[in-house]
Amino acid sequence: LAAARAAISKLNRFSSDCYVAINFSVRAIITPEFTELIRPVLGRVVVELTEHARVDDYPALEATLEPLRRDGLKLSIDDVGAGFSSFELILRLRPDIVKLDWFLTRGVGGDPARASLTRGLVAFCRTLNATLIAEGIENGSEQTALVGLGINYGQGYHLGLPQPVVETRQQPNISLN
(Lines give C-alpha, C1' and ligand atoms only; values in the text may rest on other atoms or scores of the structure.)
Protein backbone atom coordinates (compact mmCIF):
# COMPACT_ATOMS: atom_id res chain seq x y z
CA LEU A 1 0.00 0.00 0.00
CA ALA A 2 2.91 2.36 0.70
CA ALA A 3 4.33 1.82 -2.80
CA ALA A 4 0.88 2.38 -4.31
CA ARG A 5 0.48 5.59 -2.29
CA ALA A 6 3.81 6.83 -3.66
CA ALA A 7 2.83 6.05 -7.27
CA ILE A 8 -0.60 7.62 -6.91
CA SER A 9 0.92 10.77 -5.41
CA LYS A 10 2.69 11.35 -8.75
CA LEU A 11 -0.45 11.12 -10.91
CA ASN A 12 -1.04 14.88 -10.80
CA ARG A 13 2.19 15.32 -12.81
CA PHE A 14 0.55 13.69 -15.84
CA SER A 15 -2.37 14.57 -18.04
CA SER A 16 -5.74 13.38 -16.78
CA ASP A 17 -6.05 10.71 -19.49
CA CYS A 18 -2.93 8.87 -18.25
CA TYR A 19 -3.12 6.02 -15.80
CA VAL A 20 -0.77 3.87 -13.77
CA ALA A 21 -0.94 0.09 -13.32
CA ILE A 22 -0.08 -0.99 -9.79
CA ASN A 23 0.42 -4.53 -8.48
CA PHE A 24 -1.57 -5.46 -5.40
CA SER A 25 -1.81 -8.66 -3.42
CA VAL A 26 -5.18 -10.08 -2.47
CA ARG A 27 -4.30 -9.40 1.16
CA ALA A 28 -3.79 -5.69 0.42
CA ILE A 29 -6.97 -5.41 -1.67
CA ILE A 30 -9.31 -6.68 1.01
CA THR A 31 -8.22 -4.01 3.50
CA PRO A 32 -10.24 -0.84 4.11
CA GLU A 33 -7.06 1.16 3.36
CA PHE A 34 -7.07 -0.15 -0.23
CA THR A 35 -10.57 1.18 -0.89
CA GLU A 36 -9.71 4.54 0.71
CA LEU A 37 -6.59 4.80 -1.45
CA ILE A 38 -8.15 3.73 -4.75
CA ARG A 39 -11.60 5.33 -4.68
CA PRO A 40 -10.39 8.91 -5.42
CA VAL A 41 -8.37 7.73 -8.46
CA LEU A 42 -10.62 5.04 -9.98
CA GLY A 43 -10.17 6.17 -13.58
CA ARG A 44 -6.43 6.67 -13.23
CA VAL A 45 -5.32 3.34 -11.75
CA VAL A 46 -5.39 -0.21 -13.09
CA VAL A 47 -5.22 -2.69 -10.25
CA GLU A 48 -2.98 -5.62 -11.17
CA LEU A 49 -3.70 -8.64 -9.04
CA THR A 50 -0.43 -10.48 -8.43
CA GLU A 51 0.13 -14.23 -8.62
CA HIS A 52 2.19 -14.49 -5.44
CA ALA A 53 -0.52 -15.70 -3.10
CA ARG A 54 -3.49 -17.99 -3.37
CA VAL A 55 -6.96 -16.50 -3.05
CA ASP A 56 -8.48 -18.02 0.07
CA ASP A 57 -11.50 -15.73 0.34
CA TYR A 58 -13.12 -15.02 -3.02
CA PRO A 59 -16.25 -13.51 -1.44
CA ALA A 60 -14.17 -10.88 0.41
CA LEU A 61 -12.16 -10.09 -2.73
CA GLU A 62 -15.28 -9.82 -4.90
CA ALA A 63 -17.07 -7.71 -2.27
CA THR A 64 -14.18 -5.23 -2.23
CA LEU A 65 -13.68 -5.02 -6.00
CA GLU A 66 -17.26 -5.12 -7.27
CA PRO A 67 -18.40 -1.63 -6.14
CA LEU A 68 -15.09 -0.11 -7.25
CA ARG A 69 -15.32 -1.76 -10.67
CA ARG A 70 -18.92 -0.63 -11.03
CA ASP A 71 -17.61 2.92 -10.48
CA GLY A 72 -14.83 2.60 -13.09
CA LEU A 73 -11.90 0.68 -11.62
CA LYS A 74 -10.03 -1.42 -14.20
CA LEU A 75 -8.71 -4.81 -13.10
CA SER A 76 -5.79 -6.79 -14.51
CA ILE A 77 -4.65 -10.31 -13.66
CA ASP A 78 -0.85 -10.33 -13.77
CA ASP A 79 1.42 -13.20 -14.83
CA VAL A 80 -1.28 -15.61 -16.01
CA GLY A 81 0.35 -19.00 -16.33
CA ALA A 82 2.59 -18.56 -13.27
CA GLY A 83 2.14 -18.83 -9.54
CA PHE A 84 -1.43 -18.64 -8.33
CA SER A 85 -2.86 -16.78 -11.36
CA SER A 86 -5.55 -19.30 -12.22
CA PHE A 87 -8.47 -19.66 -14.54
CA GLU A 88 -10.76 -19.61 -11.50
CA LEU A 89 -9.48 -16.12 -10.73
CA ILE A 90 -10.16 -14.98 -14.30
CA LEU A 91 -13.60 -16.60 -14.47
CA ARG A 92 -14.71 -15.23 -11.10
CA LEU A 93 -13.33 -11.70 -11.47
CA ARG A 94 -13.73 -11.14 -15.25
CA PRO A 95 -10.75 -8.76 -15.52
CA ASP A 96 -10.39 -6.00 -18.08
CA ILE A 97 -6.81 -7.07 -18.81
CA VAL A 98 -5.07 -10.45 -18.72
CA LYS A 99 -1.27 -10.40 -18.73
CA LEU A 100 0.30 -13.56 -20.12
CA ASP A 101 3.40 -14.59 -18.14
CA TRP A 102 6.78 -14.61 -19.90
CA PHE A 103 7.00 -18.37 -19.37
CA LEU A 104 4.27 -18.83 -21.97
CA THR A 105 5.61 -16.25 -24.43
CA ARG A 106 9.24 -17.39 -24.35
CA GLY A 107 9.99 -19.30 -27.56
CA VAL A 108 6.30 -19.48 -28.50
CA GLY A 109 7.12 -19.51 -32.23
CA GLY A 110 9.02 -22.78 -31.97
CA ASP A 111 6.80 -24.58 -29.49
CA PRO A 112 3.47 -25.90 -30.83
CA ALA A 113 2.09 -26.54 -27.33
CA ARG A 114 2.78 -22.96 -26.18
CA ALA A 115 1.35 -21.63 -29.44
CA SER A 116 -1.80 -23.70 -29.06
CA LEU A 117 -2.30 -22.58 -25.46
CA THR A 118 -1.72 -18.94 -26.44
CA ARG A 119 -4.21 -19.22 -29.31
CA GLY A 120 -6.76 -20.61 -26.86
CA LEU A 121 -6.11 -17.78 -24.41
CA VAL A 122 -6.60 -15.22 -27.19
CA ALA A 123 -10.04 -16.73 -27.92
CA PHE A 124 -10.83 -16.99 -24.20
CA CYS A 125 -9.99 -13.31 -23.60
CA ARG A 126 -12.07 -12.23 -26.59
CA THR A 127 -15.02 -14.08 -25.08
CA LEU A 128 -14.49 -12.18 -21.82
CA ASN A 129 -13.95 -8.90 -23.70
CA ALA A 130 -10.57 -8.63 -21.93
CA THR A 131 -7.38 -7.24 -23.42
CA LEU A 132 -4.57 -9.82 -23.55
CA ILE A 133 -1.03 -8.53 -23.06
CA ALA A 134 2.03 -10.74 -23.60
CA GLU A 135 4.84 -10.14 -21.11
CA GLY A 136 8.51 -10.90 -21.57
CA ILE A 137 8.90 -10.40 -25.32
CA GLU A 138 12.65 -10.71 -25.79
CA ASN A 139 13.10 -10.81 -29.57
CA GLY A 140 11.50 -10.17 -32.93
CA SER A 141 10.61 -13.80 -33.58
CA GLU A 142 8.55 -13.93 -30.37
CA GLN A 143 6.82 -10.69 -31.35
CA THR A 144 6.05 -12.02 -34.84
CA ALA A 145 4.72 -15.31 -33.47
CA LEU A 146 2.54 -13.56 -30.88
CA VAL A 147 1.05 -11.19 -33.46
CA GLY A 148 0.35 -14.21 -35.67
CA LEU A 149 -1.49 -15.83 -32.76
CA GLY A 150 -3.70 -12.75 -32.32
CA ILE A 151 -2.01 -10.85 -29.50
CA ASN A 152 -2.00 -7.11 -30.07
CA TYR A 153 -0.19 -5.78 -27.00
CA GLY A 154 3.05 -6.64 -25.27
CA GLN A 155 5.82 -5.78 -22.87
CA GLY A 156 9.44 -6.84 -22.87
CA TYR A 157 13.03 -5.84 -23.47
CA HIS A 158 12.63 -6.29 -27.23
CA LEU A 159 9.97 -3.56 -27.20
CA GLY A 160 11.72 -1.20 -24.81
CA LEU A 161 13.98 -1.21 -21.79
CA PRO A 162 12.73 0.00 -18.40
CA GLN A 163 13.18 3.76 -18.17
CA PRO A 164 12.56 6.53 -15.71
CA VAL A 165 9.09 7.99 -15.91
CA VAL A 166 8.90 10.89 -18.32
CA GLU A 167 6.27 13.46 -17.53
CA THR A 168 4.47 13.22 -20.85
CA ARG A 169 1.63 11.12 -22.14
CA GLN A 170 2.83 7.55 -22.74
CA GLN A 171 1.23 4.27 -23.62
CA PRO A 172 1.52 1.68 -20.84
CA ASN A 173 1.89 -1.20 -23.28
CA ILE A 174 3.26 -1.35 -26.77
CA SER A 175 1.06 -2.28 -29.71
CA LEU A 176 2.63 -5.23 -31.48
CA ASN A 177 1.09 -4.45 -34.86
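The values are calculated or read from the model by the stated rules, or taken from the named source; none is laboratory data. Computed from a predicted model, the values in this text were never measured in an experiment. With ideal geometry, Cβ positions are generated from the backbone for all residues, glycine too; neighbour counts draw on all protein chains shown. Surface accessibility is based on the protein's heavy atoms, side chains included, excluding ligands, DNA and RNA. Shrake-Rupley method; radii C 1.70, N 1.55, O 1.52, S 1.80 Å.
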Next on the checklist: Regarding the range 87-99, can at least one residue be identified that is in a helix (DSSP H, G or I), modelled with pLDDT under 95, surrounded by fewer than 15 Cβ atoms within 10 Å (Cβ to Cβ) and aromatic (Phe, Trp, Tyr)?
Outcome noted: yes
Next on the checklist: Just to be sure I understand, how many residues within the range 16-68 are more than 22 Å from residue 98 (Cβ to Cβ), open to solvent by 80 Å² or more (accessible area, probe 1.4 Å) and assigned to a loop (DSSP other than H, G, I, E, B)?
Outcome noted: 2
Next on the checklist: Looking at the structure I just gave you, is residue 13 at pLDDT below 90, over 22 Å from residue 133 (Cβ atoms) and open to solvent by 20 Å² or more (accessible area, probe 1.4 Å)?
Outcome noted: yes
Checklist outcome for this item: For residue 39, the lone unmet condition from (1) at pLDDT below 95; (2) in contact with a helix residue (DSSP H, G or I) (Cβ under 8 Å, 6 or more places away or on another chain) is (1)
Checklist entry - Within the range 100-127, can you find the residues that are closer than 21 Å to residue 75 by Cβ and open to solvent by less than 20 Å² (accessible area, probe 1.4 Å)? => result 100, 101, 104, 121, 122, 125
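Return yes or no: is residue 116 out of contact with any Gly (no Cβ under 8 Å at 6 or more places or on another chain) and either under 17 Å from residue 23 (Cα atoms) or of a type in the set (Lys, Arg) (or both)? Break it down into steps so the answer makes sense when it comes.
On the way: out of contact with any Gly (no Cβ under 8 Å at 6 or more places or on another chain): yes; either under 17 Å from residue 23 (Cα atoms) or of a type in the set (Lys, Arg) (or both): no.
The answer is no for residue 116.
Report the residue count in the range 128-154 for those that are open to solvent by 60 Å² or more (accessible area, probe 1.4 Å), in a loop (DSSP other than H, G, I, E, B) and without any contact (Cβ under 8 Å) to a residue 24 or more places away in the chain. Give the derivation first.
Of the residues in the range 128-154, the ones open to solvent by 60 Å² or more (accessible area, probe 1.4 Å) are 129, 138, 141, 144, 148, 152-153.
Applying the additional criterion that residues be in a loop (DSSP other than H, G, I, E, B) yields 129, 138, 152.
Filter again for without any contact (Cβ under 8 Å) to a residue 24 or more places away in the chain, leaving 129.
Of the residues in that region, 1 qualify.
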